[in-house]
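Here's the structure we're looking at; comments come further down.
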Ligand SMILES: [Zn+2]
């Protein structure tokens, strides 16, 4: 205290001091650890090394596949290799959809000319009989437009061509505004008397990669096949139709759904030194679609979660509360792993929070926190992430795999990343190592490590 006396209202003093003694000291206490964590993530490059291993030795790994079974072993081995505690598998029955070996389509012009069209079967779709299906293509932008077609839709292949809205700031909002065409397109096509759904790929990018993804059926409606076409081809087909070309599509698919298969969530821990029964879950999903390498979706989230643990262990940062890494199985076509994790009885455990990284391994910007009390607690920690520009703490967040924990009152959180390029490769042949940047990936692992460590020390 200097000799100057300045009149400061008492409430301001109280407020100011609570800031210095409480929250700002959290930042002071962990600033040096945060910097060490980032240095270790960048210096070791282990998240990238793990992703290379996962993507090249196993590759894509859809639920129920031999690759998914190998990915389970892989994740367990990684965790054991880094000396995690209590590494174990939690069984879960998962759907087993297979694309099969036949997937071909051709456009047939009014003149009779045939032209090969690259398509991808949508996940969950039925296949066709061996001779395939040939029918005229009719374009719509919405289910309303399809309804208004009335009898004109009968016997046709319904071509859904409403693009993701480019004006949306959030690419996830744009995806959410278009994905009904993929998810319910086959049901609505069959209701209208159509014979198949052909869907414009879910991406804002105009290129020649068809993107797959989940689609559904309902028991009360006849099942018809669903497939996606690249945005480039969707625009071309649309132009041809607009010019009055009577286009048909001939296609053959061998997809089918086989009986459910036993698979596993892979779990490992850093046991808390003071409150081991208080759990913070971090994770991503181990399964991917059956094309590409599942590099961003969600190999990135898995290796970042494992790397966050490795870093804490390497730096000798011992959490007071237990941090648990969960590699969830079957996010893409069933969410069975997430549901099973939340449903499992875990006596003596209290989950403090669950954090998911499943928006790609892009540059982290901060964290979204779905729970307002947790948000208020964590928001003042933002300066800990400022030195690498990842200090955005926003209300609202979560992830598909951890969503079943939400109704149990567990605060859900997600890493916020720069997602403008996420849908470029999402669910396509292009979701491969070369679209992931190793530094961005490492920063994400570091951000996850910092948040989980501080939560483990400070509680929520
Ligand atoms: Zn994902």
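The values are calculated or read from the model by the stated rules, or taken from the named source; none is laboratory data. Note that this is a predicted model, so its numbers are computed, not measured. Neighbour counts are summed over all protein chains in view; Cβ atoms, including those assigned to glycine, are modelled from backbone coordinates with ideal geometry.
Observations on the model:
- Of the residues making up the stretch 57-75, those that are touching a residue at least 60 places away in the same chain (Cβ under 8 Å) and under 14 Å from residue 303 (Cβ atoms) number 3.
- The stretch 326-357: number of residues that are assigned to a loop (DSSP other than H, G, I, E, B), within 13 Å of the ligand (Cβ to nearest atom) and under 23 Å from residue 460 (Cα atoms): 1
- When 316, 348 are checked against the criterion of being more than 18 Å from residue 415 (Cα to Cα) and without any contact (Cβ under 8 Å) to a residue 12 or more places away in the chain, a single residue qualifies: 316.
- Test: residue 129 is surrounded by fewer than 14 Cβ atoms within 10 Å (Cβ to Cβ) and either without any contact (Cβ under 8 Å) to a residue 12 or more places away in the chain or in contact with a strand residue (DSSP E or B) (Cβ under 8 Å, 6 or more places away or on another chain) (or both): yes
- Check on residue 281, surrounded by 24 or more Cβ atoms within 10 Å (Cβ to Cβ) and either at pLDDT 95 or above or within 25 Å of residue 416 (Cα to Cα) (or both): yes
- Residue 292 outside the structural domain of residue 223 (by TED's automatic domain parsing), surrounded by 24 or more Cβ atoms within 10 Å (Cβ to Cβ), within 14 Å of the ligand (Cβ to nearest atom) and in a loop (DSSP other than H, G, I, E, B): yes
- Among the residues of the stretch 394-406, those identified as surrounded by fewer than 21 Cβ atoms within 10 Å (Cβ to Cβ) and either out of contact with any helix residue (DSSP H, G or I) (no Cβ under 8 Å at 6 or more places or on another chain) or part of a strand (DSSP E or B) (or both) are 394, 395, 396, 406.
- Qualifying residue in the stretch 277-289 (condition: within 12 Å of the ligand (Cβ to nearest atom), at positive phi and outside any strand (DSSP E or B)): no
- Count of the stretch 165-187 residues which are touching a residue at least 40 places away in the same chain (Cβ under 8 Å) and buried (at least 22 other Cβ atoms within 10 Å of the Cβ): 4
- Any chance residue 293 is touching a strand residue (DSSP E or B) at 6+ places or on another chain (Cβ under 8 Å) and under 30 Å from residue 208 (Cβ atoms): no
- The single condition among (1) more than 16 Å from the ligand (Cβ to nearest atom); (2) crowded, with 18+ Cβ neighbours inside 10 Å that residue 372 does not satisfy is (2).
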